[in-house]
Amino acid sequence: MLQTISTVQIRYDDDVVTARQRARQVARILDFDEQDQTRLSTAVSEIARIFVSEKSPGLVEFGLEGETVPQILIVGIGSSPPSSKASSKATKAVRIGIDPTLVEWETALISARRLMDQCVMSEVPGRGTTIQLKKILPVRAPLFTRKVLERLAKQVESEAPQNPLEEVRQQNHELLHALEELHERQQELVRLNRELEDTNRGVVALYAELDEKAGHLRRADEMKSRFLSNMSHEFRTPVNAIVALSQLLLDRADGELTGEQEKQVMYIKKSGADLLELVNDLLDLAKIEAGKIEVRPAEFEVATLFSALRGMLRPLLLSSTVNLVFDEPEGIPLMRTDEGKVSQILRNFISNAIKFTEQGEVRVVATLSEGGQAVTFRVSDTGIGIAEDDQRRIFDEWSQIENPIQRKVKGTGLGLPLCRKLATLLGGTISVTSRQGVGSTFEATIPIAYACAEPDGAARIDASQWQPDESRLIVLIVEDEPETLLLYETYLRGTVFQPIAAGSVRQARETLCHHRVAAIVLDVLLPDETAWQWLAELKGQEATREIPVLVASSVDDPSKALALGADDYCLKPVERAWLLNRLERMTSAGRPVMRESPLVLLIDDQEADRYILHRQVSEVGCSVVEAASGEEGLRLAAEMKPDVILLDLNMPGMDGFDVLERLHENSDTAAIPVVIVTSQILMPERKSALAHSRDLILKHESSPAAWQKVFREIGLPLSSVKTAG
């Protein structure tokens, strides 16, 4: 709800000065910087000056919209009555804009749009022309509550206005300040240009040398990767043979071994197994560095992964003094990434923890990250720990930390570097915290959905390559949560709407450059920036102003979204019926008026009655759109131009009598036939108020046959009406 801060009457030239001063005061107390204060006061004075020059008295109202930060400053400048000269000219300026007699209006509006986030003009019956200037408060500004605004309003009203001479002095000060800043920036630009010229000379000289060295490095890297890959493959066969033959000897396949022979074969097998592990790690590293390793995303449950790891790694426990504990994961959704690589990371963490823990426990935990976009896997042990100076070195290839236990269970020094590269490949990170003698905790944070893993039908593809279906309306879904994107795709499957997904404002802008969308479903919490500013841009630009925007978010601030121009708002989770209903309403106004069946608008506050009437009217071949209040019904009637309106009389707020009168007064809806549907018996004097309606039906007498008769009398095309019964 808009919270008023201050108002200023504008009738004479002095009032323009007062309005400019008041705009600067309000901007200052709302924590706008000096430049924005100047922009706001200039925009307000430009519009107010036109009203005064056209001899059109008006009112400047400063208000604040929004229940969450950032809030929106809305400056409404209105004139009355609607027949005023300024009103008619303002309307022409919007519709024509090139008439030379309207240069002042055109200039003022263009200036206001450049200085503010939005400049919206509307013609309100009974109130004349209204111009709204909107500016989003800076991020640093606190949340202004109603109580705080009341105090600030008193503060604004208590400040005595300056005389015109002081205002001229203030404007001169602002102009001088702007000129000084411009001069400084010009000098800085000259200096930067000189530095760039010098730098460019050096860059040109170095470019050839760098290009040559880059070529040498690229060839050396390719040779190294090829060598590692070939060497690893060539080593695997003999090493596997050594391990297999050693096991064959230990199984006494060719006779008994002496105790000394058994010990020797055990050493051979262990050395072969260590060498095989080294070869496998080298091969994986070579594949990652060469960019040849494949990520195979698939859905899996973390609980299932833990179950497999538990059975796989328990045999590594060589002592009863160490326990391997897996905490049951809770509240973690299905992951869509490479399960094998996540398992490889955790196996390495757990096996290391078991190696360097002589007593206590090794605990494995998985938790959902704060934003709900990733899972943090945590492996904690009560082992020897790692000194702070050594914690960086453990992720370097071939690095080994000296320790008595380390000498007993010496590894390859490639496991942790490989884990880090695998986590990076999946879009995640790895970290460690440790204290010597206390234990270590290794963490791997992996996104729930791999960046290139595309849920069916909700893929974030290149907008320039995406092919639209000509028979469907494109709906741009601006949402970064894969689960929600998949939900929207499921909702819209089999409907006239074709979704195209964008995970950020940047992707959404790119999509709008390549495709003409019928509607936008917008989340306001996105990874690159909040969408409030982008919503203001959409509704402030000529090319995108008419695109319907449905805001669906977990942020509970509908008034702010609607103030910035959103066509509707929903707090998540979104229901399918609600989404389809709103999309049909928002896109129907832009379609040609060619319907396969008559469109009926049903205005009734009772859900059960709407359900019954909807079923009855549908049976005779009509399409039905519902409105649960008089206000909503008026809006839909103006947007959708239905063939017939069915109107209940007894509704809270605006009742049916008021709706009927407003429909008749509006030239866009006056010709639409209205049928009264009520459950009350009306007295003769009340019936006289229904002169503008075409018919009246009592609810208990309604039926498909009754509606067929009414629609025929109204003149709906009989070919589009089914035979009842």
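The values are calculated or read from the model by the stated rules, or taken from the named source; none is laboratory data. Owing to the predicted nature of the structure, the values given are computational and were not obtained by experimental measurement. All Cβ positions, even for glycine, are placed from backbone atoms using ideal geometry, and neighbour counts span all protein chains on display.
So is residue 634 under 22 Å from residue 711 (Cα atoms) and not in a helix (DSSP H, G or I) or not? The answer is no for residue 634.
The set of residues in the stretch 428-440 that are crowded, with 18+ Cβ neighbours inside 10 Å and either among the hydroxyl-bearing types (Ser, Thr, Tyr) or within 28 Å of the chain's Cα centre (by Cα) (or both) comprises 428, 430, 434, 440. Listed residues 668, 609; which is among the charged types (D, E, K, R) and buried (at least 16 other Cβ atoms within 10 Å of the Cβ)? After applying the criteria, what remains is 609.
Just to be sure before I move on: is residue 264 in a helix (DSSP H, G or I) and at pLDDT 80 or above in the structure I sent? For residue 264, the condition - in a helix (DSSP H, G or I) and at pLDDT 80 or above - is met.
Entry remark, the stretch 121-148: residues being at pLDDT 85 or above and within 30 Å of the chain's Cα centre (by Cα) number 16 in total.
Of the strands (runs of 3 or more DSSP E) contained entirely in the stretch 320-391, those carrying at least 3 residues that are surrounded by 18 or more Cβ atoms within 10 Å (Cβ to Cβ) and not charged (D, E, K, R) fall at 322-326, 360-368, 374-381.
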